[in-house]
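Chemist: First the structure, which I've put down as structure tokens, then a few questions once you've had a look.
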There are 2 protein chains.
Amino acid sequence: MVERDSDKHKARQQRLKQQVDAKVAQATEERGVLLVLTGNGKGKSTAGFGTVLRAVGHGKRCAVAQFIKGEWPCGERNVLEQMGVPFYVMKTGFTWNTQDRQGDSQAAERVWQGIRAELADPKVDLVLLDELTYMLSYHYLDLEQVCDAIAARPAHQHVVITGRACHRRLLEMADTVSEIAPVKHAFEAGIKAQQGLDW
Amino acid sequence: MVERDSDKHKARQQRLKQQVDAKVAQATEERGVLLVLTGNGKGKSTAGFGTVLRAVGHGKRCAVAQFIKGEWPCGERNVLEQMGVPFYVMKTGFTWNTQDRQGDSQAAERVWQGIRAELADPKVDLVLLDELTYMLSYHYLDLEQVCDAIAARPAHQHVVITGRACHRRLLEMADTVSEIAPVKHAFEAGIKAQQGLDW
């Protein structure tokens with residue numbers, strides 16, 4: 001019985017391997033990828049920073065723009081800045097706390113000027129634009145300028161965009177789009193946002 | 001016009017702030033959360049490792065079990081091991097490459113023995129069980145044992161589980177579940193998995 005299960009497993013895995021190998025053989029292009037992590041679920045920024053961690057771990061040069069957040073301690077930033085990753089941080093906090101369109105807009109523009117230079121730099125392998133989507137929803141940044149800078153980046157450079165309700169122009173430009181949906185969330189069950197897990 | 005836009009923005013953000021504040025006031029419980037990152041899209045393991053990065057950045061003690069993967073260089077592991085995070089790695093590779101049920105099963109059990117001790121250790125703040133779901137789908141690990149160890153963990157300890165098709169028992173136990181769906185994927189368009197982005 002064990003023997004038979006084991007044979008079946010082997011046969012099934014051989015068929016799967018043929019399918020996977022065929023797909024891998026077709027995927028031959030190597031170039032910078034635009035990855036969008038959107039949707040209302042938990043894990044968008046976390047996966048964005050996870051991608052930076054992965055790239056840094058392979059000796060790649062990365063840069064991070066942190067829109068919206070940045071006014072309270074950030075675990076990812078603590079580590080990555082120490083490892084030499086430059087951060088451009090808006091530091092304004094959530095729009096519902098600032099309630100200041102002009103101030104937020106200027107802060108966004110300042111961050112954009114910094115990260116735009118990274119997007120144009122062929123020495124940079126990966127750029128994370130964390131929570132960029134809100135800057136476009138609120139018209140704090142100009143959509144055309146952002147799309148142009150991403151389209152004109154060095155061919156090998158990866159870009160990761162996170163945030164809810166990503167603009168369709170960016171979704172069209174993207175190579176990979178993941179939609180992160182909240183099946184359930186601890187916060188809704190009365191559990192606080194906690195340091196080390198949520199920020 | 002600018003003035004009026006700015007006033008409207010302020011009023012809208014004030015209403016939003018009231019809603020958010022009310023929700024935050026209701027969320028008062030602090031305890032270890034079980035977070036499941038599942039679905040077929042890109043970003044599950046990445047967000048899992050991003051969570052570890054965040055926690056490490058706040059000085060939290062973490063441990064990682066890496067099921068399936070681990071036989072090729074891993075950017076996240078390069079960095080996190082250097083920072084003192086213990087890794088329990090299966091190192092067998094994909095089931096369709098090994099085609100060996102018994103060998104995979106023993107390797108899974110070995111990793112499980114290591115990480116189970118971390119799940120029982122009150123000094124450990126966060127445990128990542130990367131790609132655990134497949135171990136249960138393939139019956140390499142015993143569902144009851146896994147559920148029991150997670151349920152019996154120290155009250156403050158967070159656990160993150162990643163992988164496709166998470167077993168419903170774990171979904172029921174989870175505090176937060178994000179379903180990551182592939183809207184599109186570069187691989188399907190012929191772009192190779194690349195070091196620093198995909199592994």
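The values are calculated or read from the model by the stated rules, or taken from the named source; none is laboratory data. Because the structure is predicted, anything quoted here is derived from the model rather than measured. Using ideal geometry, Cβ is built from the backbone for each residue, glycine included, and neighbour counts are taken over all protein chains shown. Areas reflect the complete protein model, heavy atoms only, side chains present, ligands, DNA and RNA absent. Shrake-Rupley method; radii C 1.70, N 1.55, O 1.52, S 1.80 Å.
Chemist: How much accessible area does B:M90 have with a 1.4 Å probe, in Å² rounded to the nearest 10?
Modeler: Counting only protein heavy atoms, the figure is 10 Å².
Chemist: If you count, for every residue in A:154-165, the Cβ atoms of partner chains within 10 Å of its Cβ, what is the mean?
Modeler: Mean number of neighbouring Cβ atoms from other chains: 1.
Chemist: What does the net charge come to around A:D142 if you take all other residues with beta carbon closer than 13 Å to its beta carbon, with K and R at +1 and D and E at -1?
Modeler: With Lys, Arg at +1 and Asp, Glu at -1, the neighbours total -1.
Chemist: Then there is this: Can you sort A:R77, B:R164, A:R168 by 1.4 Å-probe accessible area, starting with the largest?
Modeler: A:R168, B:R164, A:R77
Chemist: Sticking with this one: List every residue whose amide H lies under 5 Å from the amide H of B:K184, counting only residues 5 or more places away in sequence or on a different chain, with H placed 1.01 Å from N in the peptide plane.
Modeler: Result for B:K184 returns A:V177.
Chemist: Contact order normalised by length for the range B:33-181, with contacts defined as Cα pairs under 8 Å and 6 or more residues apart; what percent is it?
Modeler: This gives 41 percent for the range B:33-181.
Chemist: Would you list B:D198, B:D100 from the most to the least accessible area, probe 1.4 Å?
Modeler: B:D100, B:D198
Chemist: Percent of accessible area on the range A:33-181 owned by carbon and sulfur, 1.4 Å probe?
Modeler: Carbon plus sulfur share of accessible area: 48 percent.
Chemist: Lysine pairs in the range B:33-181 8 or more apart or on different chains: how many have alpha carbons under 24 angstrom apart?
Modeler: Step by step, the pairs that qualify in the range B:33-181 add up to 7.
Chemist: Suppose you put the label 7 Å out from Cα in the Cβ direction; list, shortest first and in nm with one decimal, how far B:Q26 is from each other copy's label.
Modeler: Nearest first, the other copies' label points are 4.6 nm away.
Chemist: Also, quick follow-up: Can you list the distances in nanometres, one decimal and ascending, from the B:Q145 label point to the identical position in each other copy, with the point 7 Å along Cα to Cβ?
Modeler: 5.8
Chemist: Please list the equivalent ellipsoid semi-axes of the range A:33-181, computed as the square roots of five times the alpha-carbon gyration tensor eigenvalues, in descending order and whole angstrom.
Modeler: 21, 18, 16
Chemist: Obtain the nm distance between the two label points defined at A:M173 and A:A27 by a simple spin-label model: each point lies 7 Å from its Cα along the Cα-to-C-beta direction.
Modeler: The answer from the label model is 2.3 nm.
Chemist: Report ³J(HN,Hα) in whole Hz for each residue of the range B:189-195, in order, from the Karplus equation J = 6.51 cos²θ - 1.76 cosθ + 1.60 where θ = phi - 60°; Gly and Pro get x.
Modeler: Values, residue by residue: 8, x, 9, 5, 5, 10, 4 Hz.
Chemist: Another question about this same structure. Test of understanding: in a Gaussian network model of chain A with alpha carbons linked when under 10 Å, which of A:K44, A:K17, A:K60 would top the mean-square fluctuation ranking?
Modeler: Checking each option, the largest mean-square fluctuation is seen for A:K17.
Chemist: Still on this structure, I have one more. What's the buried accessible area, both sides, between A and B using a 1.4 Å probe, rounded to 100 Å²?
Modeler: Heavy-atom accessible area buried at this interface is about 7100 Å².
Chemist: Here is a further query. Which positions within the range B:1-40 get 40 Å² or more of their accessible surface covered by the other protein chains, compared to the chain by itself, with a 1.4 angstrom probe?
Modeler: Residues shielded by partner chains are B:H9, B:Q13, B:K17, B:K23, B:A27, B:E29, B:E30, B:V33.
Chemist: Report, as an integer, the average count of C-beta atoms from other chains found within 10 Å of each Cβ along B:79-88.
Modeler: Per residue, the average neighbour count from other chains is 2.
Chemist: Direction-averaged shadow area of the convex hull around the Cα atoms of the protein assembly as shown, nm²?
Modeler: 19.0
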